[in-house]
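Inspection log for the structure reproduced underneath, given as structure tokens.
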Amino acid sequence: MNVHLFVQPSPSCANFALRKTADDGKEKYSEEVCNTVLSNFYVDDYLKSIESESKAIQLVSDLTNLCKDGGFKLTKWLSNSREVLQSVPEDDRAETTKTLDLKNEELPSEKVLGLLWSPETHRFGFHIKVKERPPTRRGILATVSSIYDPLGFVAPAILPAKQILQNLSKLQLGWDESIPSELLTRWERWLDEVPKLSDFTIERCFKPKDFEESEVQMHHFCDASQKVYGSVSYLRLVNEMGQVHLTLLTAKARVAPLKIITIPRLELTAAAMAVKVNNMLQKELQLKVESTYFWTDSQTVIKYINNDTARFHTFVANRVALIRDGSQPHQWKYVGTSSNPADDCSRGLAVDCFLKNRRWTDGPDFLHKAENQWPKTTIGNSAEELADDPEVKKKLVVNTASTEEATDTMEKLLTRFSSWYQLCRCVAWILRVKKYLRKICHDRDDDRVDDRVDNGDDDGRKNDENEEHGNITDLLNVADMQEAERAVIVYVQTKAYPEEIKTLKELQLRSNDSQPEDNLRQVSKIKKASPLYRLNPFIEDGVIRVGGRLAKSALPEKTKFPSIIPKKSHIAKLILHGVHEATGHGGRNHMLAHLHKKYWITNANAAARKVINSCITCRKRNAKVQQQMMSDLPKDRVTPGEPPFSRVGMDYFGPLEVKQGRSIVKRYGVVLSLPCIQSHTH
């Protein structure tokens, strides 16, 4: 192949080759020529404005040679300068200028990227030729789309047709259905007027010839109505003599969404559009813009942008964030509706009115004056003014009262351990230190009282205490562990059953001379809702125990009357885990039988089941053994209709005499003849 086939990636390949040509020519050609290739080509079209004819002629020569080095040939040259055209070979000129007498005849108009350009007048224009199409949604859309206006020069005149399309969408008409008579009348009226847009022209140059600007400004106007929102941008040039020149840069007009949106939201959407257009123009314009201004006739939008305290709903908050990212609040100014050219974008104009409207192309009158004569923008206290705005999130005042719970050291201690034995050891050491400290304090009090120093009985009591508690560094014994266990159980019961303990103590005081088994019948005052009601509880040594009918049995006391442990307490889990391990990970009933020898946990059945289900050892041991999936039976075994022994031969033989012990017995044998079957095991 000698050429690149024009398929989908061809434009990308062509642009890459063109840019590669510019990079390769940086050593041979000037920087301006290489940058022209990189910045002023649109696929295979080249457009550029040059300051003088001599520079243009030199640029044409250098650009042609540069592209020639890369295998590109530039043709169809066109310029508004006859001198530049004469420097171009006749074969490389545009088709309409090859046979043209450049000295006497006018330069013909040509299309430049879809726009009609007149080199003679150096203005852009439109060639409107409306084809006959049926008045349906499909025909109207095709007609409106045929008017190519990428920069929005005639956006106000095209807007009425877009509004008709929007109304048809609201009516949910089919693409080829007839439209209502009212909309048909509006459409026919617009069709009669739209060819007049061929009379509209606009200057191509941003500045007049020999206009040396000293200041370059960009002004963006935005506005919105109930159905349309839009923006229009102007370039303001000021020379050293104070003369002002305004040029229309671009405009956009968008119909509002079918979903109803409030005017302030549409105004804010138009403002966000103006910021996006500014970002695009700042990137594309090859001019250094010194200052940028944004104009709107909505004071609500200005308050939104200048607000730093109020919090908006999502729609407004997102657009305010976009605006503040691309502009500064001081750049936003207020302009009256009568002086806002974007009002033409938001309302639309008939073609006749549009052609007579000089404000659209020349800009508002106040921009032709000095800055001190521009409209003044006054911003009040935006926070107070936005207090009743529906877009501002209301501040919810929530009154809360925080109560700081006292730190329960004992509760922290209980939850620190995961073993019942380790918890009891720790509490035993704490109790030993506690007794030791009390003993020291008691000895100090005795030393302060002189009459007790010579009391032999007291000295004997001190010696007894020393013998009873021993040294603080001695190892723990069984009594220490039992005392620690009792202390933990008493603490947990006090936290879980305060009312029951109070009732049982009152019963105990009334019958001090009675035996514990006599108190078991006095539980009528315990509430029926209490979890201890059916357990016939009683208090012994500060511990609530389960009552019953085993008082006269030979069982140990702790087995006859086990201590009650609340189910939801942490020590209930510790005890159950300890019992589960002590029983060798036995079953639930075995666990409960071992547990009730010493403790009674309320609703222990469910608690024990939970412990077993959470035990990893039990889950591994009780896991279901996976079985191998057997393969399908062979065809010979599932084929019906075949008689017995079709594939198996069988014969008996014997008897054979076999010695078994001291006797001789008869044995018989069978011979089976099986077919060779291929294994189907997976």
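Quick one: Lys659 ticks every box in (1) farther than 24 Å from Leu535 by Cα; (2) in a loop (DSSP other than H, G, I, E, B); (3) charged (D, E, K, R) except a single one, so which number is it?
(2)
Can you tell me which condition Gln626 does not meet? The list is (1) surrounded by fewer than 12 Cβ atoms within 10 Å (Cβ to Cβ); (2) assigned to a helix (DSSP H, G or I); (3) among the polar types (S, T, N, Q), and all the others hold.
Going through the list (1) surrounded by fewer than 12 Cβ atoms within 10 Å (Cβ to Cβ); (2) assigned to a helix (DSSP H, G or I); (3) among the polar types (S, T, N, Q), Gln626 breaks only (2).
Please identify the pairs in which a residue from region 420-435 that is surrounded by fewer than 19 Cβ atoms within 10 Å (Cβ to Cβ) has its Cβ atom under 7 Å from the Cβ atom of a residue that is charged (D, E, K, R) and in a helix (DSSP H, G or I), counting only partners at least 6 apart or on another chain.
Sorted first by the residue in region 420-435, then by its partner, the pairs are Leu431/Glu483.
Among what's in region 324-382 and is part of a loop (DSSP other than H, G, I, E, B) and of a type in the set (Gly, Ala, Ser), pick the residue that is nearest to the chain's Cα centre (by Cα). Write out each step before concluding.
Residues of region 324-382 that are part of a loop (DSSP other than H, G, I, E, B), as a first pass: 327-328, 335-336, 340-341, 348-350, 357, 363-364, 369-370, 374-381.
Checking which are of a type in the set (Gly, Ala, Ser) leaves us with 327, 336, 348, 350, 363, 370, 380.
Details: Ser327: 26, Gly336: 41, Gly348: 40, Ala350: 46, Gly363: 44, Ala370: 49, Gly380: 36 Å.
The residue in question is Ser327.
Kindly evaluate Gln163 against the criterion of being touching a residue at least 60 places away in the same chain (Cβ under 8 Å), in a helix (DSSP H, G or I) and surrounded by 15 or more Cβ atoms within 10 Å (Cβ to Cβ). Working first, answer last.
Working: touching a residue at least 60 places away in the same chain (Cβ under 8 Å): yes; in a helix (DSSP H, G or I): yes; surrounded by 15 or more Cβ atoms within 10 Å (Cβ to Cβ): yes.
When the stated conditions are applied, Gln163 passes them.
Determine whether Leu237 is over 26 Å from Ile164 (Cβ atoms), part of a strand (DSSP E or B), touching a residue at least 12 places away in the same chain (Cβ under 8 Å) and of a type in the set (A, V, I, L, M). Write out each step before concluding.
Details: over 26 Å from Ile164 (Cβ atoms): yes; part of a strand (DSSP E or B): yes; touching a residue at least 12 places away in the same chain (Cβ under 8 Å): yes; of a type in the set (A, V, I, L, M): yes.
Against the criterion (over 26 Å from Ile164 (Cβ atoms), part of a strand (DSSP E or B), touching a residue at least 12 places away in the same chain (Cβ under 8 Å) and of a type in the set (A, V, I, L, M)), Leu237 qualifies.
Which residue pairs have Cβ atoms under 6 Å apart, sit 6 or more places apart or on different chains, and have a first residue in region 65-82 that is assigned by TED's automatic domain parsing to the domain that holds Glu27 and a second that is hydroxyl-bearing (Ser, Thr, Tyr)?
Qualifying pairs under 6 Å: Leu66/Tyr29; Gly70/Thr21; Leu74/Thr64.
Kindly provide the set of residues from region 417-455 that are assigned to a helix (DSSP H, G or I) and at pLDDT below 85, ordered by number.
Here is the first cut: in region 417-455, the residues assigned to a helix (DSSP H, G or I) are 420-448, 450-452.
Correct list: His442, Asp443, Arg444, Asp445, Asp446, Asp447, Arg448, Asp450, Asp451, Arg452.
Take the residues in region 278-302 that are in contact with a Cys (Cβ under 9 Å, 6 or more places away or on another chain) and outside any loop (DSSP other than H, G, I, E, B); name whichever of them is surrounded by the most Cβ atoms within 10 Å (Cβ to Cβ).
By that ranking, first place goes to Trp295.
Can you find a residue that is among the small types (Gly, Ala, Ser) and part of a strand (DSSP E or B) anywhere in region 201-214? Can you show your working first?
Restricting attention to region 201-214, the residues satisfying the condition of being among the small types (Gly, Ala, Ser) are 214.
Then drop every residue that is not part of a strand (DSSP E or B), which leaves 214.
The answer is yes, given that some residue of region 201-214 is among the small types (Gly, Ala, Ser) and part of a strand (DSSP E or B).
Only one of Asp45, Asp24, Asp101 is out of contact with any helix residue (DSSP H, G or I) (no Cβ under 8 Å at 6 or more places or on another chain) and over 30 Å from Ser146 (Cβ atoms); which?
Working: Asp45 fails: over 30 Å from Ser146 (Cβ atoms); Asp24 fails: out of contact with any helix residue (DSSP H, G or I) (no Cβ under 8 Å at 6 or more places or on another chain).
Exactly one of Asp45, Asp24, Asp101 is out of contact with any helix residue (DSSP H, G or I) (no Cβ under 8 Å at 6 or more places or on another chain) and over 30 Å from Ser146 (Cβ atoms), namely Asp101.
Output yes when any residue across region 116-137 is under 30 Å from Asp23 (Cβ atoms), among the small types (Gly, Ala, Ser) and not in a helix (DSSP H, G or I), and no when none is. It would help to see each step written out before you state the result.
Step one: of region 116-137, the residues under 30 Å from Asp23 (Cβ atoms) are none.
For region 116-137, residues under 30 Å from Asp23 (Cβ atoms), among the small types (Gly, Ala, Ser) and not in a helix (DSSP H, G or I): absent.
Going through region 183-200 one residue at a time, which ones are more than 17 Å from Glu132 (Cα to Cα) and out of contact with any helix residue (DSSP H, G or I) (no Cβ under 9 Å at 6 or more places or on another chain)?
The initial filter retains those residues of region 183-200 that are more than 17 Å from Glu132 (Cα to Cα), namely 183, 197-200.
Within region 183-200, Ser198 is the sole residue that qualifies.
If you check Gln678 against the conditions, is it at pLDDT below 80 and out of contact with any helix residue (DSSP H, G or I) (no Cβ under 9 Å at 6 or more places or on another chain)?
So Gln678 fits the description; yes.
Whether any residue in region 315-323 is in contact with a Leu (Cβ under 7 Å, 6 or more places away or on another chain) and closer than 30 Å to Val194 by Cβ is what I want to check.
No, region 315-323 has no match at all.
Step by step: first the residues of region 6-44, then only those that are basic (Lys, Arg) and outside any helix (DSSP H, G or I), then the one that is nearest to the chain's Cα centre (by Cα). Which residue is that?
Residues of region 6-44 basic (Lys, Arg): 19-20, 26, 28.
This time we only want the ones that are outside any helix (DSSP H, G or I), so: 26, 28.
Details: Lys26: 47, Lys28: 52 Å.
Within region 6-44, the match that is nearest to the chain's Cα centre (by Cα) is Lys26.
So, in region 1-24, of the ones that are in contact (Cβ under 8 Å) with a residue 12 or more places away in the chain and within 26 Å of Leu287 (Cβ to Cβ), which residue ends up surrounded by the most Cβ atoms within 10 Å (Cβ to Cβ)?
If we take residues in region 1-24 being in contact (Cβ under 8 Å) with a residue 12 or more places away in the chain and within 26 Å of Leu287 (Cβ to Cβ), then Ala22 is surrounded by the most Cβ atoms within 10 Å (Cβ to Cβ).
Quick one: in region 472-497, of everything that is more than 60 Å from the chain's Cα centre (by Cα), part of a loop (DSSP other than H, G, I, E, B) and of a type outside the set (S, T, N, Q), which residue is surrounded by the fewest Cβ atoms within 10 Å (Cβ to Cβ)?
If we filter region 472-497 for residues that are more than 60 Å from the chain's Cα centre (by Cα), which is where we start, we get 472-475, 477-479.
Filter once more, so that each one left must be part of a loop (DSSP other than H, G, I, E, B): 472-475, 477.
Cutting the leftovers down to of a type outside the set (S, T, N, Q) gives us 472, 474-475.
Details: Ile472: 12, Asp474: 10, Leu475: 7.
It comes out as Leu475.
Can you tell me which residues in region 597-622 are loosely packed, with under 15 Cβ neighbours inside 10 Å and not basic (Lys, Arg)?
Asn603, Asn605, Ala606, Asn613, Ser614, Ile616, Thr617, Asn622
If Asp389 passes every condition in (1) assigned to a loop (DSSP other than H, G, I, E, B); (2) surrounded by 12 or more Cβ atoms within 10 Å (Cβ to Cβ); (3) at pLDDT below 70; (4) of a type outside the set (Lys, Arg) but one, which one does it miss?
(3)
Which members of region 26-49 meet the condition of being surrounded by 17 or more Cβ atoms within 10 Å (Cβ to Cβ) and not aromatic (Phe, Trp, Tyr)?
Matches in region 26-49: Val33, Cys34, Thr36, Val37.
Does Ser145 count as within 24 Å of Asp362 (Cβ to Cβ), of a type in the set (Gly, Ala, Ser) and out of contact with any helix residue (DSSP H, G or I) (no Cβ under 8 Å at 6 or more places or on another chain)? So that I can check it myself, show each step before the final result.
Working: within 24 Å of Asp362 (Cβ to Cβ): no; of a type in the set (Gly, Ala, Ser): yes; out of contact with any helix residue (DSSP H, G or I) (no Cβ under 8 Å at 6 or more places or on another chain): yes.
No.
Inside region 62-99, can you point out the residues that are farther than 20 Å from Phe124 by Cβ and not in a helix (DSSP H, G or I)?
Gly70, Gly71, Phe72, Lys73, Leu74, Thr75, Val88, Pro89, Arg93, Lys98, Thr99
The values are calculated or read from the model by the stated rules, or taken from the named source; none is laboratory data. For clarity, every value in this text was computed on a predicted model and none was experimentally measured. Every residue, glycine as well, gets a Cβ built from its backbone with ideal geometry; the counts of neighbours run over all protein chains shown.
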